[in-house]
Amino acid sequence: MSVYTPVSDAELAAWLDGYSVGKLASCEPIKAGIENTNYFVTTTQGRYVLTLFERLPAEELPFYINLMAHLARHGIPCPAPIADLADQYLRSLNGKPAALVTRLPGRSLERPGVEECAELGALLGRMHLAARSYSAYLENPRGPRWWRFAAREVRPFLKEKEIRLLEDELDFQAQHRFPDLPRGPVHADLFRDNALFENGRISGVIDFYFAGVDCLLYDVAVCANDWCLADPQADRRLDEARTRALLAACHAVRPFGALERAAWPAMLRAAALRFWLSRLYDFHLPRPGMLVHAHDPEHFCDILELRMRLPPAWLD
C-alpha cells in the first residue's frame, strides 16, 4: 500500500460528495506496501480507507470488491465496501479506479504467538467456508501462469545459482498442481500486516487485492510461511507449536483431507516461490512512485531453500 497517485483534500472532498458519508475531516497517506495507493480517510460520519488501483486490470476489480462485501455479510471481519449514491462500489478518482471501504479497528502484530496463530487458523477456516457461496470466478492472479511470466522478466538480474533454484522449483511445481484439492476463493496474501488484532481476537483482515480461486491449502501455506517462522530475522524454519496451532484451529472449522495432508510440503514451497518471485520482480523492476517500499527477495529465497531441503511433515 504505497502512494503513487497524490490526492488533494479538495479533490477528495469533491469525490466524497458522491457518497453519503459526511464531509471530509482528514486524509492521511498509508506508506507501507507496494501495490496500490491508499489513504486513511476520516469524515464527519466515520473512518474509511480509500484505495486507488494502480495496475490491477479493471475487469478484475469487481471480483475483489464483491468478495469483500460477500465475506462482510457473512460475518468475516473484513472491510465492507461503501456504495456511492448510484449504488456503485467503484468510481474514478484522478484517473484511477477507486473504492472506499470501512476502516477496521485494531493493529497488526509483529510477533504472533501460539494463541494468535490459532486465532488465524480458525479465521481461515471460517473465511473459506463463507466464500464457498461466492459465485464469481478469478483464477489466482499470482498463480503458476504469473510465476512463469515473472521468472522470465527477472532472469537477467539473477545469479546462476538463483536461476538454477528458480528453474528447478518451477519444474517441481509443474508436476504438483493438485487438481483434486478443495478449491475456492482465497485471500492469498494474509501476512501478519494484513490482520488486525484487538483484545486478543482478529478484528480485521485487510488487503484482498491478490485474492483469487486456488487450493484452500495454499492460503494456509502462505500464512504459515509468514506467521509461524521460528525467527523471521534469523531462523526461517517453521516453529512447530505455532504451526500446529494454526493447522489444528483451521482443521476444527474446515477439516483437512488426506490429499491436503500429503500436499502440505509442496504447497509450502509453492507459497514461498510465489513471494520470492514477486519480491524479485518489485526489487528489480520497480515502478516510479512516491513512498514505495520494496521487500528483500532473499527472505523468501531462504524460505524456499529450507522447505526444499527440510520438507516439513504434516503435524497431527
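The values are calculated or read from the model by the stated rules, or taken from the named source; none is laboratory data. Please read all numbers here as calculations on a predicted model, not as lab measurements. Ideal geometry is used to build each Cβ from the backbone, glycine not excepted, and the neighbour counts take in all protein chains shown. Quick note on the areas: whole protein, heavy atoms, side chains included, nothing else; ligands and nucleic acids left out. Shrake-Rupley method; radii C 1.70, N 1.55, O 1.52, S 1.80 Å.
May I ask you to derive the relative contact order of region 113-232, considering only C-alpha pairs under 8 Å and at least 6 residues apart, and to give it as an integer percent?
Details: 111 pairs, mean separation 40.8, N = 120.
Reported relative contact order: 34 percent.
What trypsin sites (Lys or Arg not before Pro) does region 14-69 have in DSSP loop regions with at most 10 other beta carbons within 10 Å? Don't skip to the end; give the middle numbers.
On the way: sites: 23, 31, 47, 55; in loops: 23, 31, 55.
Of the trypsin sites (Lys or Arg not before Pro), the ones in loops of region 14-69 whose Cβ has at most 10 other Cβ atoms within 10 Å are 23, 55.
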Would you calculate, for the chain, the mean residue ellipticity at 222 nm contributed by helices, counting each DSSP H stretch of 4 or more residues as -39,500 (n - 2.57) and dividing by all residues, to the nearest 500?
-13500 deg cm²/dmol
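Between residue 177 and residue 313, how high is the FRET efficiency from 1/(1 + (r/R0)^6) when r is the Cβ-Cβ distance and R₀ = 22 Å? Nearest 0.05. Before the final figure, lay out the partial values.
Values: r = 21 Å, r/R0 = 0.97.
For R0 = 22 Å, the calculated efficiency reads 0.55.
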Rounded to the nearest 10 degrees, what's the angle between the helix 216-227 long axis and the longest principal axis of the chain, both from Cα atoms, 0 to 90?
90
Where GluC sites (Glu not before Pro) in DSSP loops with at most 11 other Cβ within 10 Å are excluded, longest remaining stretch of the chain:
111-316
Taking Cα atoms, the helix 258-284 axis meets the longest principal axis of the chain at an angle in degrees (rounded to 10) of 60
Aspartates and glutamates within cross-link reach of residue 159: Cα-Cα under 13 Å, excluding same-chain residues under 8 positions apart?
167, 298
For residue 111 and residue 285, what is the calculated FRET efficiency with R₀ set at 30 Å and r taken between the beta-carbons, to the nearest 0.05?
0.40
Return P(r) of region 34-96 (all Cα-Cα pairs; 5 Å bins starting at 0; whole %; ordered from short to long distances).
4, 14, 23, 30, 20, 7, 1
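Decide, for region 168-222, between rounded, prolate and oblate: order the square roots of the alpha carbon gyration tensor eigenvalues as a ≥ b ≥ c, take rounded if a/c falls under 1.5, and otherwise choose prolate if a/b is larger than b/c, else oblate. Mind dumping the intermediate values first?
Details: a/c = 2.78, a/b = 2.28, b/c = 1.22.
Prolate is the answer for region 168-222, as a/c is 1.5 or above and a/b outweighs b/c.
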Which residues' amide hydrogens lie under 5 Å from the amide hydrogen of residue 229, considering only partners 5 or more residues apart or on another chain, with H built in the peptide plane?
239
Simple spin-label estimate for residue 153 and residue 91 in nanometres, 7 Å along Cα-Cβ:
3.1
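Decide, for region 169-316, between rounded, prolate and oblate: order the square roots of the alpha carbon gyration tensor eigenvalues as a ≥ b ≥ c, take rounded if a/c falls under 1.5, and otherwise choose prolate if a/b is larger than b/c, else oblate. Let's see the in-between values first.
Values: a/c = 1.43, a/b = 1.20, b/c = 1.19.
It comes out rounded by the Cα gyration axes.
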Under a 1.4 Å probe, counting only protein heavy atoms, residue 20 has an accessible area in Å², nearest 10, of 80
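Over all directions, what mean area does the Cα convex hull of region 60-138 project, stated in square nanometres?
Values: hull surface 28.2 nm².
Value for region 60-138: 7.0 nm².
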Could you give the distance between the Cα centres of region 1-32 and region 224-244, to the whole Å?
38
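I'd like the FRET efficiency for residue 298 and residue 258, computed as 1/(1 + (r/R0)^6) with the beta carbon distance as r and R0 of 22 Å, rounded to 0.05.
Values: r = 35 Å, r/R0 = 1.60.
Once rounded, the FRET efficiency stands at 0.05.
Semi-axes of the equivalent ellipsoid of region 1-149: what are they in whole Å, largest first, if each equals the square root of 5 times a C-alpha gyration tensor eigenvalue?
Values: eigenvalues 139, 76, 59 Å².
In descending order the semi-axes read 26, 20, 17 Å.
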Using only the alpha-carbon atoms, how far is helix 298-309 inclined from the longest principal axis of the chain? Give it as 0 to 90 degrees, nearest 10.
30
In sequence order, calculated HN-Hα J values of region 159-175 (Karplus, 6.51, -1.76, 1.60; Hz; x Gly/Pro)
7, 4, 4, 5, 4, 5, 4, 5, 5, 5, 6, 4, 5, 4, 5, 5, 9
